[in-house]
1. Would you mention how many residues in segment 43-63 are over 10 Å from the mean Cα position of the chain (by Cα) and either among the hydroxyl-bearing types (S, T, Y) or closer than 19 Å to E13 by Cβ (or both)?
2. Report, by residue number, each residue of segment 23-64 that is without any contact (Cβ under 8 Å) to a residue 24 or more places away in the chain, more than 13 Å from I3 (Cα to Cα) and small (G, A, S).
3. Out of all the residues in segment 38-62, which are farther than 12 Å from N28 by Cβ and in a loop (DSSP other than H, G, I, E, B)?
4. State whether the residues of segment 46-54 include one that is out of contact with any Pro (no Cβ under 9 Å at 6 or more places or on another chain), aromatic (F, W, Y) and crowded, with 17+ Cβ neighbours inside 10 Å.
Amino acid sequence: MSITVRFFASVRERVGKQLEAIDCAGINNVADVWRQSARVPMPDNLLAAINMEYARIDQPVRDGDEVAFFPPVTGGAP
């Protein structure tokens, strides 16, 4: 029983890893996933997704979910 955690771009650099599988015991929401996996303070502007859909930090997660963390998306031509 596990949750797959992915880190992208500057978030990956900050936590020092790209991918991890964590035990889902004691995990209730996205914030819990961050705390157990990242082990650094959560940035204020962090974005998250559960199974490739944007998610709130307080959104529940379940066994088998994939949770991704990434910085705010910017870009486009002026």
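Read the figures in this text as sums done on the coordinates, not as results from a lab. No experiment lies behind these values; they were computed from the predicted model shown. Because the Cβ atoms are built from the backbone with ideal geometry, glycine has one as well, and the counts that use them run over all protein chains shown.
1. 4
2. Residue satisfying the conditions is A48 alone.
3. Within segment 38-62, A38, R39, V40, P41, M42, P43, D44, N45, L46, N51, M52, R56 qualify.
4. No; the residues of segment 46-54 include none that is out of contact with any Pro (no Cβ under 9 Å at 6 or more places or on another chain), aromatic (F, W, Y) and crowded, with 17+ Cβ neighbours inside 10 Å.
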